[in-house]
Amino acid sequence: MSKMIFVNLPVADLTASMAFYEALGFTKNPQFTDDTAACMVWSDAIFVMLLTHDKWRTFTSRPIPPASSSEIMLALSCDSRDTVDNLNDIAKKHGGTADTNPKQDLGFMYNRNLADLDGHVWEMFWLDPAAKH
């Protein structure tokens, strides 16, 4: 079995969060989705579990950070610079925040950060593996 990652995120509104992630290009896995959680698939190895606050609290007693904090920044690779830009535009159109940090263009790597409805920060980046840096 290949290695996979399941990122668990607490969300205030499960339905709205599912729509946000679907707009970004994630697909819902109904096998692991119910009224308290949704499995959103980015690739064969990357899954985001959106959990209602009540569901989240069954996993930990630690407090849910406010949306204005940055407890973690998750990075996802994209196929092109245009995809990075497009995902930031989509995030903004669907209630998220585009460019939560300044965009970075190093020539061989380009990234922009966006935040979902609950303030979880995603670094969308394109990397040219053939470029010398």
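Read-outs: derived from the displayed coordinates by stated rules, not from any lab. Source: prediction; values computed, not measured. Every residue, glycine as well, gets a Cβ built from its backbone with ideal geometry; the counts of neighbours run over all protein chains shown.
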Whole-Å distance, taken between Cα centres, linking the stretch 83-106 and the stretch 45-72: 22 Å
Share, in percent, of DSSP beta bridges within the stretch 72-133 that are antiparallel, nearest 5: 70 percent
Inter-label distance, nm, simple model (7 Å from Cα along the C-beta direction), N8/S80: 3.8 nm
Highest to lowest packing among 58-68, 74-84, 113-123, 41-51, scored as the average C-beta count within 10 Å: 113-123, 41-51, 74-84, 58-68
Antiparallel content of DSSP bridges confined to the stretch 1-59, in %, to 5: 55 percent
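Quick check: net charge around W42, other residues with Cβ under 14 Å of its Cβ, Lys/Arg +1 and Asp/Glu -1?
Numbers: positive: K28; negative: E22, D44, D79, D116, E123.
Charge balance in the 14 Å sphere: -4.
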Two-decimal Rg to Rh for the stretch 72-133 - Kirkwood Rh, Cα set: 0.99
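What value does the stretch 1-59 have for Rg/Rh, both radii from Cα atoms and Rh as Kirkwood defines it?
0.96
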Stokes-Einstein diffusion coefficient of the chain, Kirkwood radius over Cα pairs, 20 °C, 1.002 mPa s, in µm²/s: 138 µm²/s
DSSP beta bridge pairing in the chain, given as percent antiparallel to the nearest 5: 60 percent
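Can you count the Lys pairs in the chain whose Cα atoms are under 22 Å apart, with each pair 8 or more apart or on different chains?
Details: K3/K28; K28/K55; K28/K92; K28/K93; K92/K103; K93/K103; K103/K132.
Final tally of qualifying lysine pairs is 7.
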